[in-house]
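Trainee: Take this structure, written in C-alpha coordinates, and hold onto it; I'll ask about it next.
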Ligand SMILES: N[C@@H](CCC[C@H](N)C(=O)O)C(=O)O
(Lines give C-alpha, C1' and ligand atoms only; values in the text may rest on other atoms or scores of the structure.)
Protein backbone atom coordinates (compact mmCIF):
# COMPACT_ATOMS: atom_id res chain seq x y z
CA UNK A 1 0.00 0.00 0.00
CA UNK A 2 1.21 3.53 -0.85
CA UNK A 3 -0.06 6.70 0.82
CA UNK A 4 0.36 10.47 0.63
CA UNK A 5 0.61 12.06 4.06
CA UNK A 6 1.18 15.36 5.85
CA UNK A 7 2.93 15.43 9.21
CA UNK A 8 1.73 18.19 11.58
CA UNK A 9 2.29 18.96 15.24
CA UNK A 10 0.71 21.04 17.97
CA UNK A 11 3.28 21.99 20.63
CA UNK A 12 5.34 18.93 19.68
CA UNK A 13 2.42 16.45 19.86
CA UNK A 14 2.72 15.05 16.34
CA UNK A 15 0.41 13.35 13.88
CA UNK A 16 0.40 11.72 10.46
CA UNK A 17 -2.56 13.11 8.49
CA UNK A 18 -4.06 11.10 5.65
CA UNK A 19 -6.86 12.21 3.31
CA UNK A 20 -9.60 9.59 3.54
CA UNK A 21 -12.52 11.59 2.17
CA UNK A 22 -13.32 8.54 0.05
CA UNK A 23 -13.79 6.59 3.31
CA UNK A 24 -12.07 3.52 1.86
CA UNK A 25 -8.85 3.41 3.87
CA UNK A 26 -8.48 0.57 6.35
CA UNK A 27 -5.25 0.47 8.33
CA UNK A 28 -4.28 -2.40 10.63
CA UNK A 29 -2.79 -1.85 14.10
CA UNK A 30 0.57 -2.94 12.68
CA UNK A 31 0.36 -0.37 9.87
CA UNK A 32 -0.55 2.40 12.36
CA UNK A 33 2.35 1.35 14.59
CA UNK A 34 4.70 1.40 11.57
CA UNK A 35 3.55 4.86 10.43
CA UNK A 36 4.14 6.18 13.99
CA UNK A 37 7.48 4.39 14.48
CA UNK A 38 10.23 7.02 14.85
CA UNK A 39 12.96 4.70 13.54
CA UNK A 40 11.38 2.62 10.77
CA UNK A 41 8.35 4.75 9.82
CA UNK A 42 7.39 8.44 9.66
CA UNK A 43 7.24 8.94 13.43
CA UNK A 44 4.23 10.34 15.31
CA UNK A 45 2.10 10.07 18.43
CA UNK A 46 -0.96 9.21 16.36
CA UNK A 47 -2.58 8.97 12.92
CA UNK A 48 -5.49 11.18 11.86
CA UNK A 49 -7.72 10.12 8.98
CA UNK A 50 -9.60 13.06 7.45
CA UNK A 51 -13.06 11.85 6.48
CA UNK A 52 -16.38 13.18 5.21
CA UNK A 53 -18.52 14.35 8.19
CA UNK A 54 -21.95 12.98 9.12
CA UNK A 55 -22.90 16.37 10.58
CA UNK A 56 -23.34 18.88 7.71
CA UNK A 57 -22.38 21.73 10.08
CA UNK A 58 -18.86 20.25 10.34
CA UNK A 59 -16.12 20.69 7.73
CA UNK A 60 -14.82 17.14 8.12
CA UNK A 61 -14.60 14.22 10.55
CA UNK A 62 -11.36 13.65 12.49
CA UNK A 63 -10.72 9.93 12.98
CA UNK A 64 -7.96 9.78 15.62
CA UNK A 65 -5.88 6.65 16.20
CA UNK A 66 -3.16 6.40 18.89
CA UNK A 67 0.27 5.05 17.91
CA UNK A 68 -0.63 1.64 19.41
CA UNK A 69 -3.58 1.38 17.02
CA UNK A 70 -6.34 2.17 19.54
CA UNK A 71 -9.07 4.67 18.73
CA UNK A 72 -9.52 7.81 20.86
CA UNK A 73 -12.63 9.94 21.12
CA UNK A 74 -10.86 13.29 21.00
CA UNK A 75 -7.46 14.94 20.60
CA UNK A 76 -7.00 18.61 21.49
CA UNK A 77 -3.69 19.23 19.70
CA UNK A 78 -4.89 17.06 16.85
CA UNK A 79 -8.02 19.13 16.29
CA UNK A 80 -5.99 22.35 15.88
CA UNK A 81 -3.74 20.55 13.38
CA UNK A 82 -6.88 19.16 11.71
CA UNK A 83 -8.05 22.76 11.15
CA UNK A 84 -4.62 23.65 9.74
CA UNK A 85 -4.75 20.70 7.34
CA UNK A 86 -8.24 21.72 6.13
CA UNK A 87 -7.29 25.39 5.71
CA UNK A 88 -3.79 24.97 4.24
CA UNK A 89 -4.86 22.26 1.77
CA UNK A 90 -7.87 24.32 0.61
CA UNK A 91 -10.69 22.16 1.98
CA UNK A 92 -11.87 25.28 3.87
CA UNK A 93 -11.74 28.98 2.96
CA UNK A 94 -9.13 30.71 5.20
CA UNK A 95 -11.25 33.88 5.03
CA UNK A 96 -13.93 32.19 7.15
CA UNK A 97 -11.67 32.22 10.24
CA UNK A 98 -13.83 29.50 11.76
CA UNK A 99 -14.89 25.90 11.23
CA UNK A 100 -16.28 22.96 13.17
CA UNK A 101 -14.58 19.58 13.40
CA UNK A 102 -16.57 16.40 13.91
CA UNK A 103 -15.01 13.98 16.41
CA UNK A 104 -16.19 10.86 18.23
CA UNK A 105 -16.74 13.15 21.25
CA UNK A 106 -19.00 15.49 19.22
CA UNK A 107 -18.56 18.66 17.18
CA UNK A 108 -15.72 20.99 18.17
CA UNK A 109 -16.10 24.56 16.83
CA UNK A 110 -12.90 26.54 16.46
CA UNK A 111 -11.65 29.90 15.31
CA UNK A 112 -8.23 30.42 13.75
CA UNK A 113 -5.74 33.03 12.63
CA UNK A 114 -3.72 32.85 9.40
CA UNK A 115 -0.44 34.35 8.20
CA UNK A 116 0.02 36.57 5.12
CA UNK A 117 -0.05 33.46 2.87
CA UNK A 118 -3.38 32.35 4.31
CA UNK A 119 -1.79 29.47 6.27
CA UNK A 120 -3.22 28.69 9.69
CA UNK A 121 -0.93 29.64 12.58
CA UNK A 122 -2.96 29.10 15.73
CA UNK A 123 -6.46 28.11 16.72
CA UNK A 124 -8.83 28.45 19.64
CA UNK A 125 -11.05 25.44 20.17
CA UNK A 126 -14.34 25.21 22.05
CA UNK A 127 -13.55 21.94 23.81
CA UNK A 128 -17.09 21.58 25.20
CA UNK A 129 -18.02 20.93 28.80
CA UNK A 130 -15.86 18.65 30.93
CA UNK A 131 -17.68 15.53 32.16
CA UNK A 132 -16.95 14.83 35.81
CA UNK A 133 -19.34 12.05 36.94
CA UNK A 134 -17.22 8.94 37.68
CA UNK A 135 -19.12 6.73 35.23
CA UNK A 136 -18.66 9.31 32.46
CA UNK A 137 -14.87 9.59 32.92
CA UNK A 138 -14.95 6.54 33.40
CA UNK A 139 -13.46 5.59 36.76
CA UNK A 140 -14.52 3.23 39.53
CA UNK A 141 -13.22 5.73 42.12
CA UNK A 142 -16.05 7.11 44.27
CA UNK A 143 -17.13 10.73 43.92
CA UNK A 144 -16.11 12.73 46.99
CA UNK A 145 -16.91 16.33 45.95
CA UNK A 146 -19.53 18.35 44.06
CA UNK A 147 -18.64 20.78 41.25
CA UNK A 148 -20.06 24.33 40.94
CA UNK A 149 -22.39 22.82 38.29
CA UNK A 150 -23.77 20.29 40.82
CA UNK A 151 -21.92 17.28 39.40
CA UNK A 152 -20.49 14.77 41.89
CA UNK A 153 -16.86 14.07 40.99
CA UNK A 154 -13.56 12.54 42.11
CA UNK A 155 -11.27 15.13 43.73
CA UNK A 156 -7.73 14.29 44.82
CA UNK A 157 -8.70 10.65 45.49
CA UNK A 158 -5.91 8.44 46.74
CA UNK A 159 -4.82 5.47 44.57
CA UNK A 160 -2.20 3.07 45.86
CA UNK A 161 0.92 2.13 43.91
CA UNK A 162 4.24 0.33 44.50
CA UNK A 163 5.65 3.80 45.32
CA UNK A 164 2.93 4.78 47.77
CA UNK A 165 -0.38 6.60 47.25
CA UNK A 166 -0.96 9.22 44.52
CA UNK A 167 -4.00 11.53 44.47
CA UNK A 168 -6.08 11.91 41.29
CA UNK A 169 -8.82 14.24 40.13
CA UNK A 170 -10.76 12.64 37.28
CA UNK A 171 -12.06 14.58 34.27
CA UNK A 172 -13.37 13.56 30.86
CA UNK A 173 -12.76 15.95 27.96
CA UNK A 174 -14.45 13.39 25.71
CA UNK A 175 -11.55 11.08 26.61
CA UNK A 176 -10.49 10.00 30.13
CA UNK A 177 -7.98 11.95 32.22
CA UNK A 178 -6.60 11.54 35.74
CA UNK A 179 -4.70 14.55 37.06
CA UNK A 180 -2.21 14.31 39.93
CA UNK A 181 -0.88 17.54 41.45
CA UNK A 182 2.60 16.99 42.84
CA UNK A 183 2.17 19.39 45.76
CA UNK A 184 5.00 17.86 47.80
CA UNK A 185 7.53 15.80 45.86
CA UNK A 186 9.70 15.24 48.95
CA UNK A 187 7.25 12.54 50.07
CA UNK A 188 7.83 10.49 46.88
CA UNK A 189 10.53 7.76 46.84
CA UNK A 190 13.98 8.63 45.45
CA UNK A 191 13.80 5.82 42.88
CA UNK A 192 11.13 7.75 40.92
CA UNK A 193 13.51 10.60 40.08
CA UNK A 194 16.53 10.77 37.79
CA UNK A 195 18.16 13.01 40.41
CA UNK A 196 16.82 12.30 43.94
CA UNK A 197 18.62 15.39 45.27
CA UNK A 198 16.67 17.61 42.90
CA UNK A 199 13.20 16.06 42.77
CA UNK A 200 11.14 17.86 40.17
CA UNK A 201 8.43 17.34 37.57
CA UNK A 202 11.18 17.30 34.93
CA UNK A 203 13.08 14.45 36.56
CA UNK A 204 10.06 12.26 37.44
CA UNK A 205 10.25 8.77 35.90
CA UNK A 206 7.02 9.24 33.95
CA UNK A 207 7.41 6.04 31.90
CA UNK A 208 7.19 3.92 35.03
CA UNK A 209 4.61 5.77 37.06
CA UNK A 210 2.51 6.83 34.05
CA UNK A 211 2.28 3.32 32.59
CA UNK A 212 1.29 1.96 36.01
CA UNK A 213 -1.68 4.32 36.40
CA UNK A 214 -2.71 4.29 32.71
CA UNK A 215 -3.45 0.59 33.15
CA UNK A 216 -4.80 0.72 36.72
CA UNK A 217 -8.11 -1.14 37.22
CA UNK A 218 -9.77 2.03 38.61
CA UNK A 219 -9.73 3.26 34.96
CA UNK A 220 -11.73 0.63 33.05
CA UNK A 221 -11.04 2.28 29.66
CA UNK A 222 -7.50 3.19 30.73
CA UNK A 223 -6.69 6.89 31.18
CA UNK A 224 -4.37 9.67 30.14
CA UNK A 225 -2.29 10.46 33.23
CA UNK A 226 -1.23 14.05 33.96
CA UNK A 227 1.28 15.14 36.59
CA UNK A 228 1.17 18.84 37.34
CA UNK A 229 2.61 21.58 39.52
CA UNK A 230 0.78 24.88 40.02
CA UNK A 231 3.29 27.72 40.05
CA UNK A 232 3.32 31.47 39.55
CA UNK A 233 2.60 32.18 35.89
CA UNK A 234 0.74 28.96 35.17
CA UNK A 235 0.70 25.21 35.54
CA UNK A 236 3.63 22.98 34.60
CA UNK A 237 2.47 19.61 33.32
CA UNK A 238 3.76 16.36 31.88
CA UNK A 239 1.51 13.68 30.45
CA UNK A 240 1.62 9.94 29.91
CA UNK A 241 -0.97 9.36 27.21
CA UNK A 242 -3.20 6.35 26.87
CA UNK A 243 -2.14 4.42 23.80
CA UNK A 244 1.19 6.17 23.14
CA UNK A 245 3.17 6.96 26.31
CA UNK A 246 4.75 10.30 27.17
CA UNK A 247 4.12 13.05 24.61
CA UNK A 248 5.46 16.60 24.47
CA UNK A 249 1.95 18.02 24.94
CA UNK A 250 -1.68 16.95 25.25
CA UNK A 251 -4.50 19.39 24.51
CA UNK A 252 -7.29 17.49 26.24
CA UNK A 253 -4.83 16.83 29.10
CA UNK A 254 -4.07 20.54 29.46
CA UNK A 255 -7.83 21.25 29.58
CA UNK A 256 -8.43 18.49 32.16
CA UNK A 257 -5.55 19.84 34.25
CA UNK A 258 -6.91 23.41 34.10
CA UNK A 259 -10.34 22.15 35.17
CA UNK A 260 -8.86 20.05 38.00
CA UNK A 261 -6.73 22.97 39.24
CA UNK A 262 -9.78 25.24 39.22
CA UNK A 263 -12.03 22.67 40.95
CA UNK A 264 -9.46 22.03 43.68
CA UNK A 265 -8.88 25.74 44.31
CA UNK A 266 -5.19 25.44 43.41
CA UNK A 267 -5.59 28.10 40.69
CA UNK A 268 -8.17 30.25 38.95
CA UNK A 269 -10.09 28.86 35.98
CA UNK A 270 -7.92 30.49 33.25
CA UNK A 271 -4.40 29.17 33.00
CA UNK A 272 -1.34 28.90 30.84
CA UNK A 273 -0.34 25.25 30.83
CA UNK A 274 3.40 24.80 30.26
CA UNK A 275 4.27 21.51 28.61
CA UNK A 276 7.63 20.18 27.41
CA UNK A 277 6.60 21.07 23.81
CA UNK A 278 5.08 24.51 24.39
CA UNK A 279 2.34 26.50 26.07
CA UNK A 280 -1.43 26.05 25.75
CA UNK A 281 -3.88 28.63 27.08
CA UNK A 282 -6.86 27.02 28.73
CA UNK A 283 -9.93 28.68 30.17
CA UNK A 284 -13.03 27.17 31.85
CA UNK A 285 -15.68 29.82 31.21
CA UNK A 286 -18.85 30.75 33.06
CA UNK A 287 -20.89 28.98 30.35
CA UNK A 288 -19.24 25.72 31.46
CA UNK A 289 -17.25 25.34 28.22
CA UNK A 290 -13.47 24.98 28.16
CA UNK A 291 -11.57 26.88 25.50
CA UNK A 292 -8.04 25.99 24.45
CA UNK A 293 -5.69 28.13 22.38
CA UNK A 294 -2.44 26.91 20.88
CA UNK A 295 -0.24 26.56 17.80
CA UNK A 296 -0.42 24.19 14.86
CA UNK A 297 2.46 23.65 12.42
CA UNK A 298 3.36 21.46 9.45
CA UNK A 299 6.65 19.54 9.74
CA UNK A 300 6.77 17.96 6.26
CA UNK A 301 4.70 16.02 3.75
CA UNK A 302 5.50 12.98 1.64
CA UNK A 303 4.63 9.64 0.19
CA UNK A 304 5.19 6.28 1.92
CA UNK A 305 5.11 2.65 0.85
CA UNK A 306 3.97 0.55 3.80
CA UNK A 307 6.01 -2.64 4.17
CA UNK A 308 3.14 -4.50 5.96
N1 LIG B 1 -2.70 14.10 22.40
C2 LIG B 1 -4.08 14.25 22.47
C3 LIG B 1 -4.91 13.12 23.03
C4 LIG B 1 -4.83 11.87 22.16
C5 LIG B 1 -5.73 10.75 22.62
C6 LIG B 1 -5.33 10.10 23.92
N7 LIG B 1 -4.04 9.46 23.87
C8 LIG B 1 -6.40 9.09 24.34
O9 LIG B 1 -6.26 7.88 24.08
O10 LIG B 1 -7.40 9.50 24.92
C11 LIG B 1 -4.53 15.64 22.84
O12 LIG B 1 -3.83 16.59 22.46
O13 LIG B 1 -5.61 15.81 23.42
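Trainee: Answer yes if at least one residue in region 187-210 is within 16 Å of the ligand (Cβ to nearest atom) and within 18 Å of residue 160 (Cβ to Cβ), and no otherwise. Working first, answer last.
Mentor: Quick first cut of region 187-210, residues within 16 Å of the ligand (Cβ to nearest atom) only: 206-207, 210.
Right, trim to within 18 Å of residue 160 (Cβ to Cβ) and you get 210.
Yes: one or more hits.
Trainee: A further question on this structure: Restricting attention to region 44-79, and to residues there that are assigned to a helix (DSSP H, G or I) and near the ligand (Cβ under 7 Å from one of its atoms), which single residue is nearest to residue 92 (Cα to Cα)? Lay out the reasoning, then the answer.
Mentor: Within region 44-79, the first condition is being assigned to a helix (DSSP H, G or I), and the residues that meet it are 76-79.
Filter again for near the ligand (Cβ under 7 Å from one of its atoms), leaving 76-78.
On the way: 76: 19, 77: 19, 78: 17 Å.
Top of the filtered list is 78.
Trainee: So which residues in region 1-43 are in contact (Cβ under 8 Å) with a residue 60 or more places away in the chain and within 16 Å of the ligand (Cβ to nearest atom), if there are any at all?
Mentor: 7, 8, 9, 10, 11, 12, 13, 14, 15, 17, 35, 36
Trainee: In region 280-302, how many are free of Cβ contacts under 8 Å to residues at least 40 places away in the same chain and in contact with a helix residue (DSSP H, G or I) (Cβ under 8 Å, 6 or more places away or on another chain)?
Mentor: Matching residues across region 280-302 total 2.
Each row is one residue, and each column tells you yes or no for (1) crowded, with 22+ Cβ neighbours inside 10 Å; (2) farther than 24 Å from residue 64 by Cβ.
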{"residue": "133", "(1), (2)": "no, no"}
{"residue": "146", "(1), (2)": "no, yes"}
{"residue": "156", "(1), (2)": "no, yes"}
{"residue": "159", "(1), (2)": "no, yes"}
{"residue": "173", "(1), (2)": "yes, no"}
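Trainee: Still on this structure, please answer the following. Go through region 156-185 residue by residue and tally those that are in a strand (DSSP E or B) and more than 20 Å from residue 261 (Cα to Cα). Full working, then the answer.
Mentor: Step one: list which residues in region 156-185 are in a strand (DSSP E or B), which gives 157-159, 166-172, 176-181.
Restricting the remaining residues to those that are more than 20 Å from residue 261 (Cα to Cα) gives none.
Result for region 156-185: 0.
Trainee: Just checking, how many residues over region 157-198 are touching a residue at least 24 places away in the same chain (Cβ under 8 Å), farther than 18 Å from residue 231 by Cα and over 18 Å from the mean Cα position of the chain (by Cα)?
Mentor: Qualifying residue count for the region: 10.
Trainee: So how many residues does region 269-278 have that are part of a strand (DSSP E or B) and either away from the ligand (no atom under 14 Å from the Cβ) or at positive phi (or both)? Give the steps one after another, and end with the answer.
Mentor: Of all residues in region 269-278, those part of a strand (DSSP E or B) come to 270-275, 278.
From the residues that got through so far, the ones that are either away from the ligand (no atom under 14 Å from the Cβ) or at positive phi (or both) too are 270-272, 274, 278.
Residues flagged as part of a strand (DSSP E or B) and either away from the ligand (no atom under 14 Å from the Cβ) or at positive phi (or both) within region 269-278 amount to 5.
Trainee: Of everything in region 219-232, what is in contact (Cβ under 8 Å) with a residue 40 or more places away in the chain and either surrounded by fewer than 20 Cβ atoms within 10 Å (Cβ to Cβ) or away from the ligand (no atom under 16 Å from the Cβ) (or both)? Give them in sequence order.
Mentor: 220, 221, 222, 229, 230
Trainee: Please go through region 233-242 and give me each residue that is in a strand (DSSP E or B) and within 11 Å of the ligand (Cβ to nearest atom), ordered by number.
Mentor: Of everything in region 233-242, those that are in a strand (DSSP E or B) and within 11 Å of the ligand (Cβ to nearest atom) turn out to be 239, 240, 241.
Trainee: On to the next question. Being within 30 Å of residue 218 (Cβ to Cβ), part of a loop (DSSP other than H, G, I, E, B) and touching a residue at least 24 places away in the same chain (Cβ under 8 Å) is the filter here; which residues of region 83-140 pass it?
Mentor: Result: 104, 105, 127, 128, 129, 130, 132, 137, 138, 139, 140.
Trainee: Moving on. Return yes when residue 33 is at pLDDT 95 or above and at positive phi and no when it is not.
Mentor: Details: at pLDDT 95 or above: yes; at positive phi: no.
The answer is no for residue 33.
Trainee: Okay, moving on. Looking at (1) modelled with pLDDT of 95 or more; (2) over 22 Å from the mean Cα position of the chain (by Cα), which is the only condition residue 96 fails?
Mentor: (1)
Trainee: Related question: Can you name the number of the only condition in (1) in contact with a strand residue (DSSP E or B) (Cβ under 8 Å, 6 or more places away or on another chain); (2) crowded, with 18+ Cβ neighbours inside 10 Å that residue 43 fails?
Mentor: So the condition that residue 43 fails would be (2).
Trainee: Counting only residues that are part of a helix (DSSP H, G or I) and either surrounded by 21 or more Cβ atoms within 10 Å (Cβ to Cβ) or in contact with a helix residue (DSSP H, G or I) (Cβ under 8 Å, 6 or more places away or on another chain) (or both), how many does region 186-200 have? Step through it out loud before you land on a result.
Mentor: If we filter region 186-200 for residues that are part of a helix (DSSP H, G or I), which is where we start, we get 186-187, 190-192, 196-198.
From what's left, either surrounded by 21 or more Cβ atoms within 10 Å (Cβ to Cβ) or in contact with a helix residue (DSSP H, G or I) (Cβ under 8 Å, 6 or more places away or on another chain) (or both): 190, 192, 196.
Of the residues in region 186-200, 3 are part of a helix (DSSP H, G or I) and either surrounded by 21 or more Cβ atoms within 10 Å (Cβ to Cβ) or in contact with a helix residue (DSSP H, G or I) (Cβ under 8 Å, 6 or more places away or on another chain) (or both).
Trainee: For region 243-268, give me the residue count where each residue is near the ligand (Cβ under 8 Å from one of its atoms), under 20 Å from residue 202 (Cα atoms) and assigned to a loop (DSSP other than H, G, I, E, B).
Mentor: So the answer is 3.
The values are calculated or read from the model by the stated rules, or taken from the named source; none is laboratory data. For clarity, every value in this text was computed on a predicted model and none was experimentally measured. Because the Cβ atoms are built from the backbone with ideal geometry, glycine has one as well, and the counts that use them run over all protein chains shown.
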